[in-house]
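Data first, discussion second: the structure below is written as structure tokens.
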Amino acid sequence: MKGDPFPVENPSWTNIVPLLSFQKTLEIYSVELSGTKNIEQTDKGNGKEKYRGLKNCFEPKKNHRKEELRKELDLDDHKLSIKELEKKYGTNIITGLSSTQAAELLAQNGPNALTPPKETPEIIKFLKQMVGGFSILLWIGAILCWIAFGIQYSMNTTSSLDNVYLGCVLALVVILTGIFAYYQEAKSTNVMATFNKMIPQQALVIRDSEKKTIPADQLVVGDIVEIKGGDRIPADIRLLSVQGCKVDNSSLTGESEPQPRSSEFTHDSPLETKNIGFYSTTCLEGTATGMVINTGDRTVIGQIASLASGVGNEKTPIAIEIQHFVHIVAGVAVSIGILFFIIAVSLKYQVLDSIIFLIGIIVANVPEGLLATVTVTLSLTAKRLAKKNCLVKNLEAVETLGSTSIICSDKTGTLTQNRMTVAHLWFDNQIFIADTSEDHSNQVFDQSSGTWASLSKIITLCNRAEFRPGQESVPIMKRVVVGDASETALLKFSEVILGDVMEIRKRNHKVAEIPFNSTNKFQLSVHKTDDPNDKRFLMVMKGAPERILEKCSTIMVNGQEQPLDKNTAEAFHTAYMELGGLGERVLGFCHLYLPADEFPETYTFDVDTMNFPTSNLCFVGLLSMIDPPRSTVPDAVTKCRSAGIKVIMVTGDHPITAKAIAKSVGIISANSETVEDIAKRLHIAVEQVNKRDAKAAVVTGMELKDMSPEQLDELLTNYPEIVFARTSPQQKLIIVEGCQRQNAVVAVTGDGVNDSPALKKADIGIAMGIAGSDAAKNAADMILLDDNFASIVTGVEEGRLIFDNLKKTIAYTLTKNIAELCPFLIYIIVGLPLPIGTITILFIDLGTDIIPSIALAYEKAESDIMNRKPRHKKKDRLVNQQLAMYSYLHIGLMQAVGAFVVYFTVYAQEGFKPSVLINIRVEWENSNVNDLEDSYGQQWTLYQRKYLEWMGYTAFFVGIMVQQIADLIIRKTRRNSIFQQGLFRNKVIWVGIASQIIIALILSYGLGSVTALSFTMLRPQYWFVAVPFAILIWVYDEVRKLFIRLYPGSWWDKNMYY
Amino acid sequence: MAALQEKKSCSQRMEEFQRYCWNPDTGQMLGRTLSRWVWISLYYVAFYVVMTGVFALCIYTLMCTLDPYTPDYQDQLKSPGVTLRPDVYGEKGLDISYNVSDNRTWVGLVHMLHDFLAGYSPASQEDSINCTLEKYFFQESFRAPNHTKFSCKFTADTLQNCSGLTDPNFGFAEGKPCFIIKMNRIVNFLPSNSTAPRVDCAFLDQHKNARPLQAEYYPPNGTFSLHYFPYYGKKAQPHYSNPLVAAKLLNVPKNTEVLIVCKILADHVTFDNPHDPFEGKVEFKLNIQQ
């Protein structure tokens, strides 16, 4: 199948084939790259074939989707006559429905609006935040606290309320972090809310024999509506009468060519026939009257939208990673907790005490603040991206882009500018290249030739498009034009080169005009010339090149008319072929000065009788237009390539155009060939080509339809450069699923309604902010506000950076868990006075550590992150074994040792040497012992000991805090030395360090007197006891990094690099 | 860890886990080959040995910096705690109740006092010296044997009626029980400027009981003689024993629970710390049944 790129049996391609085979069966205006028609033909095999393509992927689970598609095809209103229609819908095309009828129907069928995607109720979202992640562990902790209190209370009614407080604090922590996460989530969704609000649309409808303007959502089946150029079609309508109406079906089919509409039934397929206008498409010009045949969700667009909502939302990669991480930490917490519960019980501790140990272990193990930190970090990146015109709807999607390995990009509007632009000119037997960049500023082709003077005149005069008035200050390329795409292109092109086109037209007064129609396939106008001495009329004509050439007998070369001989005709064909092969739409231009004697100044031209010659004209030149790629795209594609991201083009457009654009933006690189290219080069049959030689592939929807999933997988793995053309929305979905089967993280960009199912299915859907339809924006996770593909590269970069930085944040946060956990374990086994309290741990996790861990999000990349492969979904985990081991067993342990040294120092200097502390726990905590002796023979009351214990907490806390500063600094890099990275480049780190110190100072000196917090004043020197350990941590980590750099791939690298 | 992601059937997970535990293809157990395990274990052993060494060194240095005689700081010991004998704790603090007529209820209490005063027998005090000065007994140098400082004797007979010598029942039998009040030791602590610290016991809720508490104090006036201070610490004064004051409560109402507080009145002893019920004072509930 792939062997033959141009199967002639596909009627849609007859438009192109003539060009290549010189057939004379041209039926249209030019190389019409129309999409709608063709795309529907691809699907035309009336459903059955379409299903066949879908079968393999969808059949098991998506039966309802089939139902919907069948419904779509059941539409047969386009076949009915107006009388039948009137009967069917009980309406009258002159008087319309009556108000009562309409009201009844409205009540029966509901308003004419798409049901918004089902929203999860806010309360469910909120509760989800309350039980997600570590919350469940903390809830368990809180409940254990209350149970412990319950047991205590039942034994002794005056037992202290400490456990109740702790339980409440834990619950409060869960609720607060839950509220915070919910708030962050809500904030990012709110941004979207503005997009969802559409300006209420109005529709002009005939009811009760009167024309009325009503809100479009009040429309019902059977209403007679009138539309005019610029309107959005308010519902699916069967057109009854049409005056030069063209519609833009791009959001439905992905093609930007305007589609002419008529009231005649032209095709069996409802999508194909010209007498149906689809909901939400735009009427570009002309007027039409139609009868509403479908409203709301029953419209074709509505069905595609529901197809999109039927596609389940995939879990984002970062969500999977965080879940993985939560599992690890929770696993560690629960297993250590249970292990020590058993140890405690077997050491003859009371069950109650054991429960309290369990709580302590859980609290020490769970990084309470981390999930909030992750949220903040992600939203910081989201904000940064928003500044670069990437609006992120779903916070987690920020990272997804970073792990993306395949981008399936739509062509129109994403890779291209979505406007026809003059790309090439052919005159004087030469092809000239026009500047197609966004501002057209640099037109360098030779403009000195006399032929150009004539050509430019034709371009200027034989054109009905006009700038909308009042745009003098707007750059030419941005001005709004009334007219169709190619005329707009010509107008802007001539305005840029020649200056004020309107003025030129005024000087060359138009006396007659035949607008383009499908029978003539040309457009002509007759003008008075601006040369006062020349009284001749100038007739200018443009149209399909073959048609124009037929009418010519001479050709202009270097400003001189020459007879059109065989050689020049050959040259013309070669040029025409070449431009057509570039996927461009070619127009021919010719003119004729009407002899003044036959056509005096007073001559009246009659366009109906054609009382003027339309043959033996002088051929002037060709001009070809294309929707050119955005100037930033090739660079962006190259960057994606070097970042190991495969860029696949998926478009509804024609293969030749798609391939041409793919080549020009680098999706198909300059030196790669498709199988067909090789066949052509070697002059052999396509079947004989060794498929391995081809790097690129252009696959059409037709071919795709016949592929089994295995074949698709093979295609996706074997070809690094793939272009899918002529694809339907369902096929886009199949392609995305195929990519996901390769374990790839797939990004899909798109703007049309037709893209929305694929956007939804993708790991990250990226919609275009300007050109994008609402359905696409709804389905997407990210919106490019400037429609610029290059913004995706920024997004990838930010996504990768945030992944790296999250790794650092998590490593930083996990480290101190060991320093928080060890005290409990030692307390249970050795019987020391408790070195750190549960509340104190919470103050580290939610106090001193929060700002520093956020600060790591501001860290710059260590190396060029855009030069490495995207991470492997299953292998490159956010939290891997090395990270956990290094954090827990190396740095964490050093921190624990350092903090214990501070603890012992405080106790020893206050009177309790380490030797007496061992196994002192029972007496220490016994409230009946008020004369406990220390190493110096001094005797302590319970409260005095308690106070000392709090001092120990504070000391331990300070010890951890000081070492966390070192931890923060070492986490700035994972491989490079801190000095390579720059100690002061990330200022926020220093804000973080300052915050740590200030919070600790406030807790110790400011809140030292609040007994409930169990902080005390600490002698200044104790703040410095842990400093040597902090330095040791730094040195150790520098050594680690040094060895990693010195011996890449070594045992050290494998075990120490996280 | 591998088993924690995505949906897999249970048998698949088990198989994966088994493969993780022992992978016959690569000879890996738990993700590493045997030699890899040895290497990593060696590394960790070395690392922990070094860390233990560092820790030991730190503690050793710490111990070297400590003064063996006096603690560096006494931040929490501004004022001594006070304890009571016999010490029976109820749900909330000291709670002593007994029935005069049922000696089983108080024999334990008496026993407690006897045990406590055993440490104050002349035999156990023989390493201490007799002091009569009634002034602070400052000792700059270590003149006592074994490079220590002298401690003053405090023998039980100082407590006279509450010594257990004259009345082995400590007055419990007649409803006028003796309570022994002890002040906690604090190194180098001087309780007052010139006068000896004195114990004063009273009903806590005075207005209810019109008659103030009458008590006999032993030694007379209920003072701790100044020559027991300052305390130079366990190493300097290995034989030091706290001076005691006994209070014999004479008019405790019977069959009601009364709250009694015994405070130490001295310039540098505070008893108004709201958090610490044993600082400078001791409170107890007393209920004598008849």
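The values are calculated or read from the model by the stated rules, or taken from the named source; none is laboratory data. As the structure is a computational prediction, the values presented were derived from the model and not from experiment. FYI the Cβ positions are ideal-geometry reconstructions off the backbone, even for glycines, and counts take in every protein chain you see. For accessibility, only protein heavy atoms count, side chains too; no ligands or nucleic acids. Shrake-Rupley method; radii C 1.70, N 1.55, O 1.52, S 1.80 Å.
Select from the stretch A:506-533 the residues that are charged (D, E, K, R) and touching a residue at least 60 places away in the same chain (Cβ under 8 Å) and write down the one among them that is farthest from A:D608 (Cα to Cα). By that ranking, first place goes to A:K528. Only one of these is part of a loop (DSSP other than H, G, I, E, B), at pLDDT 90 or above and open to solvent by 40 Å² or more (accessible area, probe 1.4 Å): B:L190, B:L133, B:L165. Name it. That would be B:L190, the only listed residue that is part of a loop (DSSP other than H, G, I, E, B), at pLDDT 90 or above and open to solvent by 40 Å² or more (accessible area, probe 1.4 Å).
Restricting A:S473, A:S494, A:S525, A:S454 to residues that are open to solvent by 10 Å² or more (accessible area, probe 1.4 Å), among the small types (G, A, S) and not in a loop (DSSP other than H, G, I, E, B) narrows the list to A:S454. Does at least one position in the stretch A:917-938 carry a residue that is of a type in the set (K, R) and either within 14 Å of chain B (Cβ to nearest Cβ) or in a loop (DSSP other than H, G, I, E, B) (or both)? The answer is no; no qualifying residue exists. It is to be established whether one or more residues within the stretch B:92-104 are closer than 30 Å to B:H275 by Cβ, among the polar types (S, T, N, Q) and open to solvent by 40 Å² or more (accessible area, probe 1.4 Å). Yes, the stretch B:92-104 contains at least one residue that is closer than 30 Å to B:H275 by Cβ, among the polar types (S, T, N, Q) and open to solvent by 40 Å² or more (accessible area, probe 1.4 Å).
If you take the residues in the stretch A:476-491 that are in a loop (DSSP other than H, G, I, E, B) and of a type outside the set (D, E, K, R), which one is least open to solvent (accessible area, probe 1.4 Å)? Out of the qualifying residues, it is A:G483.
If we scan the stretch A:743-758, do we find a residue that is part of a loop (DSSP other than H, G, I, E, B) and either more than 16 Å from the chain's Cα centre (by Cα) or on the phi > 0 side of the Ramachandran plot (or both)? Checked against the condition, which is being part of a loop (DSSP other than H, G, I, E, B) and either more than 16 Å from the chain's Cα centre (by Cα) or on the phi > 0 side of the Ramachandran plot (or both), the stretch A:743-758 yields at least one hit.
State whether the residues of the stretch A:893-904 include one that is β-branched (V, I, T), within 14 Å of chain B (Cβ to nearest Cβ) and assigned to a loop (DSSP other than H, G, I, E, B). No, the stretch A:893-904 contains no residue that is β-branched (V, I, T), within 14 Å of chain B (Cβ to nearest Cβ) and assigned to a loop (DSSP other than H, G, I, E, B). Of everything listed in (1) crowded, with 18+ Cβ neighbours inside 10 Å; (2) within 14 Å of chain A (Cβ to nearest Cβ), the single unmet condition for B:D272 is (1). Just one of the listed residues (A:A855, A:A819, A:A861, A:A899) is crowded, with 22+ Cβ neighbours inside 10 Å, closer than 28 Å to A:K383 by Cβ and either of a type in the set (S, T, N, Q) or in contact (Cβ under 8 Å) with a residue 40 or more places away in the chain (or both), namely A:A855. Does B:I260 count as more than 14 Å from chain A (Cβ to nearest Cβ), among the hydrophobic types (A, V, I, L, M, F, W, C) and not in a loop (DSSP other than H, G, I, E, B)? So B:I260 fits the description; yes. Could you grab the pairs with beta carbons closer than 9 Å, sequence gap of 6+ or different chains, first residue in the stretch B:52-80 and in a helix (DSSP H, G or I), second one of a type in the set (D, E)? Short answer, once both residue conditions are applied: B:T65/B:D72. A:F1015 meets the stated requirement of being farther than 30 Å from A:T973 by Cα and open to solvent by less than 50 Å² (accessible area, probe 1.4 Å). How about the stretch B:41-71: which of its residues are within 8 Å of chain A (Cβ to nearest Cβ) and either within 23 Å of B:I264 (Cβ to Cβ) or open to solvent by 60 Å² or more (accessible area, probe 1.4 Å) (or both)? Selection gives B:Y48, B:M63, B:T70, B:P71.
Residues in the stretch A:528-580 that are open to solvent by less than 30 Å² (accessible area, probe 1.4 Å) and charged (D, E, K, R): A:K542, A:E546.
Select, from A:I844, A:I829, A:I851, the only residue that is of a type outside the set (D, E) and under 18 Å from A:F904 (Cα atoms). Just one listed residue meets the conditions, A:I829.
Of the set (1) among the basic types (K, R); (2) exposed (fewer than 13 other Cβ atoms within 10 Å of the Cβ); (3) assigned to a loop (DSSP other than H, G, I, E, B), all apply to B:R185 but (2). Assessment of the stretch B:31-40 against the conditions (open to solvent by less than 80 Å² (accessible area, probe 1.4 Å), farther than 30 Å from B:K248 by Cα, at the interface with chain A (Cβ under 9 Å from one of its Cβ atoms) and in a loop (DSSP other than H, G, I, E, B)) yields at least one matching residue. Scanning the stretch A:369-410 for residues that are surrounded by 21 or more Cβ atoms within 10 Å (Cβ to Cβ), touching a Ser or Thr at 6+ places or on another chain (Cβ under 6 Å) and not aliphatic (A, V, I, L, M) yields a count of 6.
Tell me, which residue of the stretch B:75-86 that is more than 7 Å from every other protein chain (Cβ to nearest Cβ) and open to solvent by 20 Å² or more (accessible area, probe 1.4 Å) is farthest from the chain's Cα centre (by Cα)?
In this case the residue turns out to be B:K78.
A single member of A:E570, A:E503, A:E546 is without any contact (Cβ under 8 Å) to a residue 24 or more places away in the chain, under 18 Å from A:L455 (Cα atoms) and either in contact with an Asp or Glu (Cβ under 8 Å, 6 or more places away or on another chain) or assigned to a helix (DSSP H, G or I) (or both), and it is A:E503. Of the listed requirements (1) more than 25 Å from B:T70 (Cα to Cα); (2) within 14 Å of chain A (Cβ to nearest Cβ); (3) of a type outside the set (V, I, T); (4) touching a helix residue (DSSP H, G or I) at 6+ places or on another chain (Cβ under 7 Å), B:P277 misses just one: (4). Residue count for the stretch A:961-1014, restricted to those that are farther than 29 Å from A:I865 by Cα, assigned to a loop (DSSP other than H, G, I, E, B) and either touching an Asp or Glu at 6+ places or on another chain (Cβ under 8 Å) or within 14 Å of chain B (Cβ to nearest Cβ) (or both): 4. Counting only residues that are among the β-branched types (V, I, T), part of a helix (DSSP H, G or I) and touching a residue at least 24 places away in the same chain (Cβ under 8 Å), the stretch A:673-728 holds 3 of them. From the set of residues in the stretch B:222-239 that are over 16 Å from B:I129 (Cα atoms) and in contact (Cβ under 8 Å) with a residue 24 or more places away in the chain, which is nearest to the other protein chains (Cβ to nearest Cβ)? Across the stretch B:222-239, the extreme among qualifying residues is B:G233.
Would it be correct to say that A:A955 is open to solvent by less than 10 Å² (accessible area, probe 1.4 Å) and within 14 Å of chain B (Cβ to nearest Cβ)?
Values: open to solvent by less than 10 Å² (accessible area, probe 1.4 Å): yes; within 14 Å of chain B (Cβ to nearest Cβ): yes.
Criteria met by A:A955.
Restricted to the stretch A:1018-1058, and to residues there that are within 17 Å of B:M51 (Cβ to Cβ) and part of a loop (DSSP other than H, G, I, E, B), the residue that is least open to solvent (accessible area, probe 1.4 Å) is A:A1026.
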